[in-house]
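The values are calculated or read from the model by the stated rules, or taken from the named source; none is laboratory data. No experiment lies behind these values; they were computed from the predicted model shown. Heads up, the Cβs are rebuilt from the backbone with ideal geometry, glycines too, and the neighbour counts pull from every protein chain shown.
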Amino acid sequence: MIIIPAVDIKGGRCVRLREGRADAETVFSDRPQDMARQWIQQGAERLHIIDLDGAFEKGPRNSSIIKEIVKTIPTPIQLGGGIRDLKIVEQYLALGLAQVIIGTAALKDPSMVQEACRLFPDQIMVSLDARDNRIAIEGWTELSEIDPIDLVKTYEDWGVKAIIFTDISRDGTQQGPSISSTRRLAQATRLPVIAAGGIATLADVQNLAPLGADGLAGMITGRAIYSGSLRLTEAIDWLKKNTPQQTGIFS
């Protein structure tokens, strides 16, 4: 199991939102590129980048920054935010990204996601963001009536690489991850699941780690490593020593 640092970009800066709200942001750096390099220097094996402007405005908005990060960092990068059609998928993957993450479009235009999986095998992840087991869409601004579990079986058949599951009631709050909802989803699918939201301390990492037996393959952390409540190097070392190293999932 691995821990994946998040670099969220809004207005050209590295920020974190609280519960997915655009009006509740904390700016951590004016240069996301520098933050990305910092996490790699501390031992991160992969980066999670989100174009928050893209998520809210429904199209890429920070492409030049993303391009610079991809060009200067050899570590695999997964990226989401505003990916709504095959042209954007192709443009981003052409930069050298390992995977792109499709969120809202996976619900609103499922045929596009299915075709993306066909055209770009092993390079499509789907983000399922939920509150109270209801899927959130449009940059977390709308709640649907859809249960995440109702979606994952379809994605298995399409060849989705992994599911990123975020409990947005916990995201950016540092109140601890939602163990129950994460376990519930991981047990419902044979796809690897990556957890996000609420991971604040090493204890949170340790509490999530047993879900590896249910299909949890990794976890994403953001605010905690920026604020210092979680030391990335310590979390990486603990996971390497205490969890099986799963090969191939993130290649």
(request) Can you tell me which residue within the range 135-148, out of those that are under 18 Å from the mean Cα position of the chain (by Cα) and closer than 16 Å to Arg184 by Cβ, is modelled with the highest pLDDT? (result) Pro148
(message) Just to be sure before I move on: is Gly212 over 23 Å from Pro244 (Cα atoms) and of a type in the set (Gly, Ala, Ser) in the structure I sent?
(response) no
(request) Provide a single number: the residues in the range 46-92 that are aliphatic (A, V, I, L, M) and over 21 Å from Phe250 (Cβ atoms). (result) 5
(message) Looking for something surrounded by 18 or more Cβ atoms within 10 Å (Cβ to Cβ) and among the hydroxyl-bearing types (Ser, Thr, Tyr) - is there at least one such residue anywhere in the range 83-98?
(response) yes
(request) Report whether or not Thr104 is hydroxyl-bearing (Ser, Thr, Tyr), in contact (Cβ under 8 Å) with a residue 24 or more places away in the chain, at negative phi and surrounded by 22 or more Cβ atoms within 10 Å (Cβ to Cβ). (result) yes
(request) Could you tell me whether the range 109-122 includes any residue that is among the small types (Gly, Ala, Ser), in contact with a Lys or Arg (Cβ under 8 Å, 6 or more places away or on another chain) and buried (at least 19 other Cβ atoms within 10 Å of the Cβ)? (result) no
(request) Return yes or no: is Asp237 farther than 29 Å from Ala105 by Cα, within 18 Å of the chain's Cα centre (by Cα) and not aliphatic (A, V, I, L, M)? (result) no
(request) Filter the range 199-214 down to residues that are without any contact (Cβ under 8 Å) to a residue 40 or more places away in the chain, surrounded by fewer than 19 Cβ atoms within 10 Å (Cβ to Cβ) and within 17 Å of Gln187 (Cβ to Cβ), then give me how many there are. (result) 4
(request) Looking at (1) among the aliphatic types (A, V, I, L, M); (2) touching a Leu at 6+ places or on another chain (Cβ under 6 Å); (3) surrounded by fewer than 24 Cβ atoms within 10 Å (Cβ to Cβ), find the lone condition where Ile149 falls short. (result) (2)
(message) Arg46 - would you say it is in contact (Cβ under 8 Å) with a residue 12 or more places away in the chain and more than 20 Å from Ala196 (Cα to Cα)?
(response) no
